[in-house]
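Since the structure comes first, as structure tokens, the remarks are kept for the end.
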Amino acid sequence: MTPSVIDELEWRESAACLPHPAVLFFGMDDNESATDRRTREEEAKAICATCVVRADCLEYALDMREPYGIWGGLTELERKARLRGRAS
Ligand code: SF4
């Protein structure tokens, strides 16, 4: 295992989302309404706001170009905007 993979595993051990279902962060329901999605994302973001590894999580997601879900308190669209901001 490379050092970067070990580092990734270490921060994930402290993730506030660990006891919560992945569906809260990733949706996984093609029929989810916009209102339900917004509610779900706000709930996930509230968990991220308490997370001690939020910065590591967000950096990982930005580096990996994670295409789905809430990472580091940001949705995929918010991460794309962040990346565009870095590029300019
Ligand atoms: S910032 Fe959010 S998604 Fe990332 S590890 Fe913490 S709780 Fe999980």
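Here are the numbers:
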read-out: Rounded tilt (10° steps) of 34-48 against the dominant C-alpha axis of the chain; value: 30
read-out: Lys, Arg +1 and Asp, Glu -1 on Cβ, resulting dipole of the chain about Cα centre, debye, nearest 20; value: 400
read-out: Using θ = phi - 60° and Karplus 6.51 cos²θ - 1.76 cosθ + 1.60, couplings along the range 26-32 (whole Hz; Gly, Pro as x); value: 10, x, 6, 10, 4, 9, 5
read-out: In sequence order, calculated HN-Hα J values of the range 52-68 (Karplus, 6.51, -1.76, 1.60; Hz; x Gly/Pro); value: 6, 10, 4, 5, 5, 4, 5, 4, 4, 4, 5, 4, 7, 6, 4, x, 9
read-out: Residues with amide H under 5 Å from that of residue 16, placed H, sequence gap 5 or more; value: 52, 53
read-out: Rounded tilt (10° steps) of 3-12 against the dominant C-alpha axis of the chain; value: 40
read-out: The range 3-87 - Rg (one decimal) and Dmax (whole number), Cα, Å; value: 12.9, 41
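Read-outs: derived from the displayed coordinates by stated rules, not from any lab. Remember, it's a predicted structure, so these values are computed and weren't measured experimentally. Cβ: placed from backbone, ideal geometry, glycine included. Neighbour counts: every protein chain shown.
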